[in-house]
1. Can you report the number of residues in the range 365-387 which are assigned to a loop (DSSP other than H, G, I, E, B) and either of a type in the set (Gly, Ala, Ser) or within 11 Å of the chain's Cα centre (by Cα) (or both)?
2. State whether the residues of the range 408-431 include one that is of a type in the set (Gly, Ala, Ser) and within 26 Å of Leu146 (Cβ to Cβ).
3. Taking the range 388-403 as the region of interest, how many residues are within 25 Å of Pro143 (Cβ to Cβ), at pLDDT 75 or above and of a type in the set (Gly, Ala, Ser)?
4. Looking at the range 426-447 only, could you name the residues that are surrounded by 15 or more Cβ atoms within 10 Å (Cβ to Cβ) and not in a helix (DSSP H, G or I)?
5. Could you check the range 335-358 and list, in sequence order, the residues that are surrounded by fewer than 18 Cβ atoms within 10 Å (Cβ to Cβ) and modelled with pLDDT of 80 or more?
6. Against the definition (assigned to a helix (DSSP H, G or I), within 24 Å of Ile194 (Cα to Cα), touching a Pro at 6+ places or on another chain (Cβ under 9 Å) and of a type in the set (A, V, I, L, M, F, W, C)), how does Leu354 come out, yes or no?
7. Being of a type in the set (A, V, I, L, M, F, W, C), surrounded by fewer than 23 Cβ atoms within 10 Å (Cβ to Cβ), without any contact (Cβ under 8 Å) to a residue 12 or more places away in the chain and out of contact with any Phe, Trp or Tyr (no Cβ under 6 Å at 6 or more places or on another chain) narrows it down to one of Ala228, Ala201, so name that one.
8. Can you list the helices (runs of 4 or more DSSP H) lying wholly within the range 86-179 that have 3 or more residues being among the polar types (S, T, N, Q) and at pLDDT below 80?
Amino acid sequence: MSGLMQFFSDIIAGDPDVYVITFTLIAVMVVLLFLSFPMVVPLAVGALIGMIHFSDVDTGVVIQQMVTGISPNALIAVPMFILAADIMTRGHTSQNLLGLIEAFVGHMRGGLPITTCLACTLFGSVSGSTQATVVSVGQIMRPKLLKAGYKDSFVMALIINASDIAFLIPPSIGLILYGTLANASVGELFIAGIGPGIVLALLFSAYCYIYSVRQGDLVAVVEKTTMAQKLQALKKALWPLGFPVLIVGGIYSGIVTPTEAASFSVLYAIVVECVIYRELGLRDVLDSALSTGLITAVVFVLVGIGQAFSWYISFEQIPQALLEPLDLSSASPEYLLFIIAVTFFVGCMFVDSLVVLLILTPIFMPAVAAVGLDPILVGVMITLQMAVGSATPPFGCDIFTAIAIFNRPYLEVIRGTLPFILILTLMTALLIYFPGIALLLRDLAFK
């Protein structure tokens, strides 16, 4: 009891012990979160309390670090990709991509859920956003799947989890932010995310096939399309398919940087939706720009505050103290990847994945450098865990997106998620023991 009292006395006295500071920061952030403050407030208050109470650091450092956090040129790609995705989400892109995939695989056993998986993969290469994918693909495919006889719990779980492939397939905002935090090549990260994204889509598709076979005649298949219908669907989807070609092909060939590809993607989206499809007008583009400005402001404020918080915990050498008992500096690459995966998975279950990325990445990067792990592989692993966490109870953001657009209760939305979480866990294990899934394309493109 006396030891506990002494511990709290040390907190009040401002004892600069690492564990005293860590406990105080966590306690302050948890209390503020339970009081329903947005995440930016706990991060900012935690950093300020540490600087003022424990370290007597000039609080002007917060502003300096916020500016530093949003200064990297790579971050220019974030609003560009968000704007391009918003424009295409409002237009015909998602419908045409779905029409293409359904024309070729819809008639197979499990064709409709497989169409959903592949559509999420392709739309992820357009939007880079899991939530946009849930909305665009989910609103179209859920009625079709229900009409075919699939259980709603399976349908919603499928849409939520398949949408997470958008985290891995470029353009991925998570990969851009990780590249900025870890000083890693965004172009290499984009290429490295393709392999795991494709493997994950295949694993989900295999499960959909097995599920459909087990359901037997309870679920229907759509009528097989003719070759003329397939060609017509391909013709409609050619322009949307040009979007990933522009991004991946441009970066792979070295013609453009990720930032330049982001700028071209906005122009491409406007031309496709406003000129070719004539689905959107000037007012729609302006609405997209306004929406993008609001989202970008939220993201950049988080990035700036996250940089200030990360600077402070690095200043106090908190990451080194917390990781020292795990002896990660001499750990095997597989063990370190496992620890990173578990930590990010648990964190993203409870807190927004972007916040977890901002806080935990600087903590693990010294150990990654000491072990000699490829930071590109680590970035793909972290992004995969962000995807898992965004669809995992209790607080995965995609779950609440599905609740909003499908108007279904929480327990019903999460009922069918377990098999998909197990598949995502399998994907994590495959990435740990077969890193070539991520690094093969990267090595071919850049080495």
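The values are calculated or read from the model by the stated rules, or taken from the named source; none is laboratory data. Since the model is a prediction, treat every value here as computed from it, not as a measurement. As a convention, Cβ positions derive from the backbone with ideal geometry for all residues, glycine included, and neighbour counts pool all protein chains shown.
1. Our first condition is that a residue be assigned to a loop (DSSP other than H, G, I, E, B); within the range 365-387, this holds for 372-374.
From what's left, either of a type in the set (Gly, Ala, Ser) or within 11 Å of the chain's Cα centre (by Cα) (or both): 372.
Counting residues in the range 365-387 that are assigned to a loop (DSSP other than H, G, I, E, B) and either of a type in the set (Gly, Ala, Ser) or within 11 Å of the chain's Cα centre (by Cα) (or both) gives 1.
2. First pass over the range 408-431, keeping only residues of a type in the set (Gly, Ala, Ser): 416, 429.
When the remaining residues are screened for being within 26 Å of Leu146 (Cβ to Cβ), the result is 416.
Within the range 408-431, one or more residues are of a type in the set (Gly, Ala, Ser) and within 26 Å of Leu146 (Cβ to Cβ).
3. 3
4. Scanning the range 426-447 gives a single hit, Pro435.
5. Hits for the range 335-358 are Tyr335, Phe338, Ile339, Val342, Thr343, Val346.
6. Working: assigned to a helix (DSSP H, G or I): yes; within 24 Å of Ile194 (Cα to Cα): yes; touching a Pro at 6+ places or on another chain (Cβ under 9 Å): no; of a type in the set (A, V, I, L, M, F, W, C): yes.
It is false that Leu354 is assigned to a helix (DSSP H, G or I), within 24 Å of Ile194 (Cα to Cα), touching a Pro at 6+ places or on another chain (Cβ under 9 Å) and of a type in the set (A, V, I, L, M, F, W, C).
7. On the way: Ala201 fails: without any contact (Cβ under 8 Å) to a residue 12 or more places away in the chain.
From the options Ala228, Ala201, the qualifying one is Ala228.
8. Numbers: elements: 93-105, 111-127, 130-147, 152-162.
Where helices (runs of 4 or more DSSP H) fall fully within the range 86-179 and carry at least 3 residues being among the polar types (S, T, N, Q) and at pLDDT below 80, they are 93-105, 130-147.
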